[in-house]
Structures are given as C-alpha cells and as structure tokens.
Amino acid sequence: MTGRRQRAAPTLVVVALGAFITTLDNNIVAAGVPSIARDLALDLPALQWVSIGYMLPFASLLLVAGTLVDRWGQRRTLTAGLVAFGLGAALGGVAGTAGVLIGARVLQGVAAAFLVPGLLSLLRTNLDARGRAVGATLWTACLAVALAIGPALGGLLSEYLGWGWIFFVNLPFVMVLLGLLPVTAGPGRAPGGSRPAIGAMTLVTTGLVLVTVALVEFGDDTRTGALFPAVLTVLGIGLLGWFAARERRAADRLVSPALTGHRVFVGALAVQLLWGLGVSGIFFFTPLLHQESLGLSPIQAGLPLVLVAVAIVAATPLVPWAVPRFGPHRTVGAGLLVVALGLLAVALVNHVPEVLPRVPGLLLIGAGSALTTPLTSHALEVVAERHAGTASGLLTASRELSSALGVALIGAVLTAVRAARLDAGTAAGPALAGGYTAGLLVAAGLEIGGAVLAMTLFRARPRKTLPAVTTVSGHSSFRGEYRDPESGPGGSRD
C-alpha cells in the first residue's frame, strides 16, 4: 500500500501529461496548415494528410496496442511509445518535404495508439478506487483543455516562432514523462497475456487506409482521374469485408460477439462516427478558411474555435439533469440536432467576411456536442463488466477514426466545390468559402442522420436511478433512469 501511495502523485502527473499531448496533436496543426502549405508547397489533399496521418494509425491500432501493452509490460511499451512520439515530433518540426512531415505524423499516431492504453493501465495498477476516479477525471479535464487551446496554441506558435514549433512543443512533455516512468510504470509483463490479433488488425487498418485515400483523391480527381479512387474504394471495402467474414469464423475474435451483436453498443459506434464525420473536418478547415478567405492571422484564425470548447464546458452541467428526465436517446439526439443547427447557422453567414456573425453557430456546435456525452457513457453502461475495457477501446478508436475520415470526407467536398468554382472564374478566397459552405451543409446532414439513429437505437425502459460515475474513456457516465432492453442480466455494471 505504501508503494502505491508513493506512486500515486507521479502517476497522476504522467496520466495528465499523456492525455494532454496525445489529444493536443489531434488539433494543434489546424491553425498552422496554411503556413505549412506555403512553406512546403502542399496542395489541399496533401495538407489533409498532415492531420489524417496522425489520426488514422491512432484509431486503427488502439485495440491491438492494448493487448501488446499487457504482453510487453508497461515500462517497455510506454518508453518505446514516448521515444517514437518524440522522434516523430522532432522530424515533423524540421521536415522540409511533404513525405517527411506526413511520415512523422504517422509515427506519432502509431506511438499515441500505444501510449493511451499504456497510460490508462497505470490507473488500474498504481491507484486505489478513489485514485482511479481522480485519475479518470483528470484525464477528461486534460482532454478538454487540449481540445480548447489546440488551435489557438498552434496559431500562436506558427505566427511568432514558425510552424515547426507546433511539433517541437511536444518534446519537453516527452522528456518529463520519460523521467517519471521509472517510478510509475512496472518493469514486468502481465502473465498469460492474450495473443494480439495482428492479422485482423492488418486487414482492418489497410482497408481503412485505402478508403481514406480514396476519399481524399475523390476530392481532387484532376490529379488521378475518378478511376483510381474508385479502385481504392473497392479494394478497401473488400478488405473490410474480408475482416468481417474472418471475425465471424474466428475462434478468438478481435471484438467479442457480445459487443458486435449488441444493438445499442453498435448504434453508439455508428452515431459517434456520424458526429465525428460532421464536426472534425469542419474544425480542421475552419482556421484555413479564416486565414485564406477572411485574411486573419494564424492566432486570430484559431481563437474562434476556443468558443466551441467554452460552450462545451458551459453546457456540460445540463447533461446529468437531462439524462434522467429525457433519457440518453433524446439527450444525444437533441445534442446532434443542436450541432446541425450550429453548422447551418455558420453556413448561412459564411458569405460575410467577418468572424462575429459566426459566433452563435460556433456556440451552438459546442453546446450540442456537450449533450452527446451520454453516447459514450450509456454505451458502456449497457455492456457487461468483463467487456468494459474492449468497449472503451472501441469507442475511443471510433472517435479517432471519425476524425480522420471526417477530414477526408469534408475535404473531398470542399476541394471538389472549390475546384469547380475556380474553373468557373471565381477568385481563390470566395471559391474556398463556397467549398467550406458545401462542407458545412454535408456536415449538418450527417449530424441530423446521427440524431435520427440515436433516437431509434437508444430507446430504453425505466430503471432505478444510480449515482454518476466517471469512465476512463473520457466522458462522465450518468447512471440515469433508463436501461436498454437488450442489456439483459449482467448487461450493466451494477
């Protein structure tokens, strides 16, 4: 017990810093992409891979990474992950070509996939029940802070120090984390760890990469024509279908049938995917629009997105009030509709070359996103306790995957519309604004689809109210007055 108490404080520091840097790298590049594009002569499709290159391997490798953490041990896995993350950051900061920069981002994404389950495992091994609750809350808070300051910090660094510092800023955090590992991470490995499903992960990762590349290429088919992305789409979907068929026959599946066959859990993954597809691409391209179309500086371009985070924080207290009264299905559905309304509000004023008219829409997007947090907590409540770890990993992976695909999808729409307007003689700034408006409309449609799906899949019957808890997946979990009929005996964590 004494050793656990001695490790508690450094463990919380490690968890907080790790959550911060892995989340920060999701969005810190957004305000710096115009500067990167100018210095490296990148076109829009190549620019998207600066973001997708991090998110896609992060999402694809999360599940198998958790298994490997158990097999290799915490200290070995976290040390390798931090060294790789720092090396990727250093390479990204000095990159002089698109290939080096994107490769550095891929390296960081792979490293982050191992860091997240490794860091979360410290909560289980180093802390008691009270400490785990504190650690989970701290993890959530650091995620929120990173999301809030990422675009503004990226703009600040790009404007005053150069875009390379968007990546160099990770290095002090990595050094501190490496220094704390000997007193937090155990040197041994878990006995009898399960064998990682490398074959299944190879299939699903390759399939996702091909589909993502196809989306990016569809947006700019002047370079390759429509045949190339169509072939990639077919190949990608074929590999994903092979993965699904392989999973059905496998004795030891990557994901338990108890999860893949659960209507509410699968619905949560689908709704979260639609939410991320809608908002992630918009967030990535907003600073670009603010700089290229509105003429703002990098730091001014990123600051308006802080309003989204402020609205999330302000609206979050409504969630524990709303869920017991209206149920998670109505709360999430209403949140997605509010997000859609915010996207439409921004689209309506996008022709106005000012930031102020966009503020109400950005606030609506943030407030609506806060109301979607029961999506994660309810999905974890209705699965059996023994599947909680895998379920958390799947939900985290789907969030990262939706971010990568969202950048690709909205980028494809924006690029295609912008190209059409440029061909029609429209100036560069208005052409970009037209593509951004089209992206906003597509995103709003995705959010509305997610709302319909949430209302359909999350209907539940009343149950006794239980106190709120916090999950390690990054969201508050509210055990409200609703229980899904499919959860069955042992389907909740009572």
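The values are calculated or read from the model by the stated rules, or taken from the named source; none is laboratory data. Since we're looking at a predicted model, the values are computed, not measured. With ideal geometry, Cβ positions are generated from the backbone for all residues, glycine too; neighbour counts draw on all protein chains shown.
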Practice problem: State whether the residues of segment 456-470 include one that is under 30 Å from Val216 (Cα atoms), at pLDDT 80 or above and surrounded by fewer than 16 Cβ atoms within 10 Å (Cβ to Cβ). | Solution: no
Exercise. Report yes if some residue within segment 124-132 is at pLDDT 90 or above and crowded, with 18+ Cβ neighbours inside 10 Å; otherwise report no.
Key: no
Practice problem: Considering only segment 414-431, state which residues are surrounded by fewer than 24 Cβ atoms within 10 Å (Cβ to Cβ), of a type outside the set (Lys, Arg) and in a helix (DSSP H, G or I). | Solution: Ala416, Val417, Ala419, Ala420, Leu422, Asp423, Ala428, Gly429, Pro430, Ala431
Self-check item: segment 217-231: number of residues that are surrounded by fewer than 17 Cβ atoms within 10 Å (Cβ to Cβ), in a helix (DSSP H, G or I) and modelled with pLDDT under 70
Solution: 3
Exercise. Kindly list, by first and then second residue, each pair from a residue in segment 47-75 that is outside the structural domain of Val29 (by TED's automatic domain parsing) to a residue that is outside any helix (DSSP H, G or I) and surrounded by 24 or more Cβ atoms within 10 Å (Cβ to Cβ), limited to pairs with Cβ atoms under 7 Å and residues at least 6 apart or on different chains.
Key: none
Quiz prompt | The listed residue being of a type outside the set (A, V, I, L, M, F, W, C), surrounded by 21 or more Cβ atoms within 10 Å (Cβ to Cβ) and within 14 Å of the chain's Cα centre (by Cα), out of Gly32, Gly18, Gly53, Gly66 | solution = Gly53
Practice problem: Might you let me know whether segment 92-105 holds any residue that is at positive phi, outside the structural domain of Glu292 (by TED's automatic domain parsing) and either aliphatic (A, V, I, L, M) or in a helix (DSSP H, G or I) (or both)? | Solution: no
Quiz prompt | helices (runs of 4 or more DSSP H) (entirely within segment 242-323) containing at least 3 residues that are in the same structural domain as Val349 (by TED's automatic domain parsing) and among the β-branched types (Val, Ile, Thr) | solution = 263-292, 306-315
Quiz item: Looking at this structure, is Ala98 farther than 30 Å from Arg124 by Cβ and either in contact with a strand residue (DSSP E or B) (Cβ under 7 Å, 6 or more places away or on another chain) or not aromatic (Phe, Trp, Tyr) (or both)?
Solution: yes
Exercise. Determine which single condition Arg7 fails, assuming it passes every other condition in (1) buried (at least 24 other Cβ atoms within 10 Å of the Cβ); (2) out of contact with any Leu (no Cβ under 7 Å at 6 or more places or on another chain); (3) closer than 25 Å to Met175 by Cβ.
Key: (1)
Quiz prompt | Selected residue (only one of Val176, Val234 is modelled with pLDDT of 80 or more and more than 28 Å from Ala111 (Cα to Cα)) | solution = Val234
